[in-house]
Amino acid sequence: MTIGEALYEERQKLGLTQENMVKGIINKGHYSKIERGLENISIDTLFRIILKHHIDISDFFNKVKDNYYTFEDKKAEELRL
């Protein structure tokens, strides 16, 4: 799952519009592109959104980590388990 997909999923669970999800952080147009995978999000902006809505950071990163691991990272993780 990408970061945008995970943000979309969290927003749906919270019952928020895109505008309410990012109010006071970034503009809705940019956020919409992040959810659709058309633009990247800065770590600062991601943390601000996550913390604003009390989203569990560990759960969030567990959702997205496999999408960002390299092949070597995935193999090392498999060996550790």
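The values are calculated or read from the model by the stated rules, or taken from the named source; none is laboratory data. Being a predicted model, the structure only gives us computed values, none of them experimental. Please note: Cβ atoms are built from the backbone with ideal geometry, for glycine as well, and neighbour counts cover all protein chains shown. Surface areas here come from the heavy atoms of the whole protein model, side chains and all, with no ligands, DNA or RNA. Shrake-Rupley method; radii C 1.70, N 1.55, O 1.52, S 1.80 Å.
Of all residues in the stretch 12-22, those being assigned to a helix (DSSP H, G or I) and open to solvent by 20 Å² or more (accessible area, probe 1.4 Å) number 6. Regarding Glu35, is this residue touching a Gly at 6+ places or on another chain (Cβ under 6 Å), charged (D, E, K, R) and surrounded by 14 or more Cβ atoms within 10 Å (Cβ to Cβ)? It is true that Glu35 is touching a Gly at 6+ places or on another chain (Cβ under 6 Å), charged (D, E, K, R) and surrounded by 14 or more Cβ atoms within 10 Å (Cβ to Cβ).
Residues checked against (1) in contact (Cβ under 8 Å) with a residue 60 or more places away in the chain; (2) open to solvent by less than 70 Å² (accessible area, probe 1.4 Å); (3) not aliphatic (A, V, I, L, M):
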position: Ile3; (1), (2), (3): yes, yes, no
position: Ala6; (1), (2), (3): no, yes, no
position: Glu10; (1), (2), (3): no, yes, yes
position: Lys28; (1), (2), (3): no, no, yes
position: Tyr31; (1), (2), (3): no, yes, yes
position: Ile50; (1), (2), (3): no, yes, no
position: Phe71; (1), (2), (3): no, no, yes
position: Arg80; (1), (2), (3): no, no, yes
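Within the stretch 52-64, the residues that satisfy the criterion of being open to solvent by 60 Å² or more (accessible area, probe 1.4 Å) and either over 16 Å from Met1 (Cβ atoms) or in contact with a strand residue (DSSP E or B) (Cβ under 9 Å, 6 or more places away or on another chain) (or both) are Lys52, His54.
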